[in-house]
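The values are calculated or read from the model by the stated rules, or taken from the named source; none is laboratory data. Computed from a predicted model, the values in this text were never measured in an experiment. Neighbour counts run over all protein chains shown; Cβ positions are idealised from the backbone, glycine included. All accessible areas refer to the heavy atoms of the entire protein, side chains included, with ligands and DNA or RNA removed. Shrake-Rupley method; radii C 1.70, N 1.55, O 1.52, S 1.80 Å.
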Amino acid sequence: MTGVGQRSLWRDAASRLAANRAAMAGLVVVALFAFVAIAAPILAPYDPAAGDTRNHELDPFWGDPAYRSAAFPLGTDQLGRDVLSRLIWSARVSLLIGFVPVSIIVTIGVAVGLVAGYYGRWADLLLMRAVDVIYAFPELLFVIVIVTAARGTWIGELGSGIVLIFVSIATVSWVGMARLVRGQVLALRGLEFIDAARAMGASDRRILVRHVLPNVLAPVIVAVAFGVPGAMLTESALSFLGIGIKPPTPSWGVMINEGFTLAIQSPWPVLMPAVCISVVMLAFTFLGDGLREALDPRA
Amino acid sequence: MTVTARGPVAQGSTASHAPHLLEVTGLTMHFPITQGLVFQRQVGAVRAVDGVDFFVDKGETVGLVGESGCGKSTTGRAILQLYKPTKGAVLFDGTDLTKLGGEAMRKQRRRMQMIFQDPYASLNPRMTVGNIIGEPLEVHELAKGQAKLNRVQELLRVVGLNPYFTNRYPHEFSGGQRQRIGIARSLAVEPDFIVCDEPISALDVSIQAQVINLLEELQSKFNLTYLFIAHDLSVVRHISDRVAVMYLGKIVELADRDELYKRPLHPYSQALLSAVPIPDPAVETKRQRIILTGDVPSPVNPPSGCHFHTRCWKAQAVCSEVDPEFKVHAPRHWAACHFPG
């Protein structure tokens with residue numbers, strides 16, 4: 001601590017994060033999840049879309065010995081598709097759904113929030129009224145409206161409907177981020193260290209990047225950590241409603257949707273994607289919490 | 001208020017000595033009050049600073065005193081162009097700062113700095129002390145890398161802190177230490193002029209003296225010029241060469257320190273000074289206090305004529321009608337009162 005080496009916010013944050021067990025556990029799960037998603041073609045033993053009805057509704061390896069098969073360790077669904085392979089491929093969709101819309105949300109939301117909060121006046125008025133309009137609609141309902149309206153067009157066909165889900169989630173959710181950031185910036189703008197930076201001759205750009213942004217980052221990172229699983233959940237909900245990913249592309253939501261009619265007789269094809277969603281969401285929550293603490297030098 | 005021939009600035013300029021480092025004429029800072037959600041219209045203004053004239057010479061300390069909300073901090077900030085003044089001129093070494101554009105003003109900022117009141121809010125909690133003090137060096141491209149680090153360590157030494165503290169965060173320091181960090185930051189660019197905005201008000205009494213002494217020591221070492229904003233009259237008396245008394249957006253009296261403390265002309269100054277305790281029990285018991293009645297009127301709607309007439313025991317009809325001229329009553333002693341003395 002007393003040595004005169006380089007010490008930065010980011011390096012310090014990394015070392016504090018490494019000391020947080022829950023956050024590291026979360027990070028491991030998230031990393032594992034990302035690995036599974038990326039390596040899905042190698043890891044999955046079967047084609048997730050192809051089934052053999054002769055093997056339908058097999059139990060997982062801990063189920064009834066009469067209805068299980070060593071070839072399908074997690075069993076099969078009602079069409080005889082391998083549940084394990086479908087879970088693995090679903091991770092891919094979930095990873096994309098988790099990160100692509102959230103990246104768009106962060107980019108737009110932080111930019112709008114910074115500009116509105118820092119420059120105020122007309123910029124603030126214009127941007128925030130636009131935000132209010134979008135914010136006025138219930139989030140999931142708005143997503144459903146956009147998806148339903150655009151489903152039949154060319155954009156609905158891109159990547160089995162996945163691109164449309166990106167666009168709809170991003171369109172609806174950036175406003176929350178913009179509000180969050182704007183509020184933070186407004187609170188910061190009145191602090192004397194911002195005046196100090198201006199008094200020393202720092203440019204607006206420098207003040208935004210060096211002084212404002214690092215101080216709004218903690219809540220943004222927490223919002224991201226909750227936004228990623230939130231987007232995954234939205235996808236699951238849409239797929240469950242039958243307007244998300246178009247079958248046969250598997251996603252955890254699609255699996256729940258397809259399995260829930262038979263959930264009483266064979267609960268496993270529903271329970272396993274549900275467990276996957278829960279575990280990944282929990283991991284992100286731990287990681288997000290850890291990041292928030294790590295980014296605060298006072299902690 | 002327009003500058004009159006007898007105003008302090010005009011008076012100083014005609015004298016034979018060197019031009020002033022800072023000349024403030026008719027400085028006015030009104031903050032608009034708006035109404036309406038989308039179409040905002042101005043319904044009034046907070047007249048925080050309402051026509052202020054004074055000058056500061058190189059190497060001297062001018063104290064600016066007044067109650068909370070009288071506009072003394074706003075004056076300091078408007079001089080440094082942290083607020084865009086509504087009216088008036090701020091001549092710094094001959095250049096009118098109010099007319100400078102972004103880049104030209106940024107260059108001028110190297111010569112003028114500010115020390116802030118709240119040592120907890122004035123340092124970015126997510127930057128190390130080294131980065132905080134080094135930032136002005138980066139902004140003005142004065143030093144980089146090892147040279148910057150050396151300079152930061154030198155500055156820490158100058159303000160009496162351990163030079164190996166560069167890697168620490170502000171929260172690891174006490175209020176007094178933080179204030180020293182703020183002072184080091186303001187010194188980094190080797191400024192000529194520093195606005196000290198109540199630099200010791202937020203500190204423990206035991207620390208206040210240390211910081212005051214440091215400021216005085218730095219002044220003689222680097223030939224600094226201070227505008228020292230405070231509400232503590234004994235501190236101002238200690239550090240200032242000249243003192244300006246502000247009331248409701250105007251300077252009501254300006255004089256050399258000893259002159260002002262011995263012979264205050266404006267009733268408001270007299271009331272303020274009568275409130276200062278005297279550290280001698282025998283004298284203290286006999287001290288006659290002038291108790292002002294009522295509150296400071298709102299700067300949104302200041303009283304007509306002399307702003308002080310609503311609380312003044314000398315007020316007569318003329319006081320509520322005519323704004324008294326800020327004029328010289330004795331050598332280097334200005335006051336704005338119809339019935340001074």
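Observations, loosely collected:
- Across segment B:244-264, a minimum of one residue is classified as closer than 23 Å to B:V52 by Cα, charged (D, E, K, R) and in contact with a Gly (Cβ under 7 Å, 6 or more places away or on another chain).
- For first residues located in segment B:166-178 and facing another protein chain (nearest Cβ under 9 Å) and buried (at least 16 other Cβ atoms within 10 Å of the Cβ), partners that are of a type in the set (A, V, I, L, M, F, W, C) and not in a helix (DSSP H, G or I) and lie 6+ apart or on another chain with Cβ distances below 8 Å form the pairs B:T166/A:V4; B:N167/A:M1; B:N167/A:V4; B:R168/A:M1; B:Y169/B:M127; B:P170/B:L123; B:P170/B:M127.
- Scanning segment A:243-277 for residues that are in a helix (DSSP H, G or I), open to solvent by 70 Å² or more (accessible area, probe 1.4 Å) and farther than 13 Å from A:G75 by Cβ gives A:F260, A:T261, A:V275.
- Test: residue in segment B:184-194 that is in contact with a helix residue (DSSP H, G or I) (Cβ under 8 Å, 6 or more places away or on another chain), more than 21 Å from B:V65 (Cβ to Cβ), more than 14 Å from chain A (Cβ to nearest Cβ) and not in a loop (DSSP other than H, G, I, E, B): no
- Search result, residues across segment B:80-103 that are of a type in the set (A, V, I, L, M, F, W, C) and more than 11 Å from chain A (Cβ to nearest Cβ): B:A89, B:V90, B:L91, B:F92, B:L97, B:L100
- In the set (1) touching a Phe, Trp or Tyr at 6+ places or on another chain (Cβ under 6 Å); (2) of a type in the set (V, I, T); (3) within 7 Å of chain A (Cβ to nearest Cβ), B:V129 fails one condition alone, (3).
- A single entry from B:G63, B:G59, B:G51 fulfils the requirement of being under 27 Å from B:L203 (Cα atoms) and buried (at least 18 other Cβ atoms within 10 Å of the Cβ): B:G63.
- Checked against the criteria, B:Q108 counts as free of Cβ contacts under 8 Å to residues at least 60 places away in the same chain, facing chain A (nearest Cβ under 9 Å) and touching a strand residue (DSSP E or B) at 6+ places or on another chain (Cβ under 8 Å).
- The single condition from (1) at negative phi; (2) within 14 Å of another protein chain (Cβ to nearest Cβ) that A:A150 fails is (2).
- Qualifying residues in segment B:321-331 (those that are open to solvent by 40 Å² or more (accessible area, probe 1.4 Å) and not in a loop (DSSP other than H, G, I, E, B)) - the one farthest from B:G26 (Cα to Cα): B:H329
- Residue that is closer than 28 Å to A:A136 by Cβ, open to solvent by 20 Å² or more (accessible area, probe 1.4 Å), modelled with pLDDT of 80 or more and within 14 Å of chain B (Cβ to nearest Cβ), where the choices are A:A187, A:A223: A:A187
- Evaluation of B:G7 against (1) closer than 18 Å to B:E253 by Cβ; (2) modelled with pLDDT of 90 or more (one fails), failing number: (2)
- Residue that is over 18 Å from the mean Cα position of the chain (by Cα), buried (at least 20 other Cβ atoms within 10 Å of the Cβ) and more than 14 Å from chain B (Cβ to nearest Cβ), where the choices are A:V181, A:V175: A:V181
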